[in-house]
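Trainee: Take this structure first; my questions come after.
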Amino acid sequence: MSRVSQAEAQANRERVVEAASRLFRERGVANVSVVDVMQAVGLTQGGFYKQFASKDALVAEAEAKGFADMLQYLAALDAEFDGHDAAVSALCDRYLSTDHRDSPGAGCPAAGFGGDVAREPEWRAPYVAGVRDMAGWVAPGKAGLAGLATLVGGMLLARATAGSPLSEEILEAVREAAKPAGDVPHG
């Protein structure tokens, strides 16, 4: 058997973390095994333990990766739109969409990991940091926390009611409620 270079090992580790982040958000941590993650990237389970101390260690890295990717996305929104309020408004439209609702693996880590983290306190530190950073992007202080909580709560309810007309109603109502004051449609 040939050994992989350090660069290959690092690339494999990144692929594993990326796949785990997606799978955990899609199916929940308890419903994804180490074997599932490793198979998703074409590696063996034995290789996992050369890279990670435990599944818990992978969960923490997968959360951190999900939040880092989300923060890059938010920065890209700021670059794409003229003014932060326009970027927040665009986030509301994209976040509270049927595409995001139906694709949790590629979606928000706050919504995707929330239920798991609530049950497992040892995974909380990267989640808390990520939520704080996301909320800080939405708006300063309590307004950012309230705005993010509105988005995430709306998405969780929309996912839980998917397939019913209520899901679409939730997305529309929260989209209108969450946008910056100047962007709310009047009528």
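The values are calculated or read from the model by the stated rules, or taken from the named source; none is laboratory data. Just so it is clear, the structure is predicted and the values come from calculations on it, not from any experiment. Note that each Cβ is placed from the backbone with ideal geometry, even for glycine, and that neighbours are counted across all protein chains shown. All accessible areas refer to the heavy atoms of the entire protein, side chains included, with ligands and DNA or RNA removed. Shrake-Rupley method; radii C 1.70, N 1.55, O 1.52, S 1.80 Å.
Trainee: For the range 56-112, with every protein chain kept in place, what is the accessible area per residue (1.4 Å probe, Å²)? Can you show the working numbers first?
Mentor: On the way: 2300 Å² over 57 residues.
In whole numbers, the range 56-112 has 40 Å² accessible per residue.
Trainee: Further question on the same structure: Where the accessible area of the chain is counted over protein heavy atoms with a 1.4 Å probe, how much of it, in %, is carbon and sulfur?
Mentor: Values: 5500 of 9910 Å².
C and S atoms contribute 55 percent here.
Trainee: Answer rounded, prolate or oblate for the range 102-144, using the Cα gyration tensor with square roots of eigenvalues a ≥ b ≥ c: rounded when a/c is under 1.5, else prolate when a/b is larger than b/c, else oblate. Walk me through the intermediate numbers first.
Mentor: Working: a/c = 2.61, a/b = 1.27, b/c = 2.06.
Since a/c reaches 1.5 but b/c is at least a/b, the shape of the range 102-144 is classed as oblate.
Trainee: Within the range 1-96, report the trypsin sites (Lys or Arg not before Pro) that DSSP leaves as loop and that have at most 10 other Cβ atoms within 10 Å. Write down the numbers at each step before the final one.
Mentor: Working: sites: Arg3, Arg13, Arg15, Arg22, Arg25, Arg27, Lys50, Lys55, Lys65, Arg94; in loops: Arg3.
Qualifying residues, ordered by number: Arg3.
Trainee: Another question, if that's okay. Please give every one of the lysines within straight-line cross-link reach of Lys179, meaning a C-alpha to C-alpha distance under 30 Å, and leave out same-chain neighbours fewer than 8 residues apart.
Mentor: Correct list for Lys179: Lys65, Lys142.
Trainee: With charges only on Cβ, +1 for K and R and -1 for D and E, what is the dipole size of the range 1-82 about its Cα centre, in debye, rounded to 20?
Mentor: Details: 9 positive and 12 negative charges, 117 e Å.
About 560 debye.
Trainee: Shape verdict for the range 1-120, please, from the Cα gyration tensor: rounded (a/c under 1.5), prolate (a/b greater than b/c) or oblate.
Mentor: On the way: a/c = 2.69, a/b = 1.78, b/c = 1.51.
Here the range 1-120 falls in the prolate category.
Trainee: For the range 65-81, what does the Karplus curve 6.51 cos²θ - 1.76 cosθ + 1.60, with θ = phi - 60°, yield as ³J(HN,Hα) per residue in whole Hz, taken in order and with x for Gly and Pro?
Mentor: Each residue's phi maps through the Karplus curve to give 4, x, 6, 4, 5, 5, 5, 5, 4, 5, 5, 5, 4, 4, 6, 7, 10 Hz.
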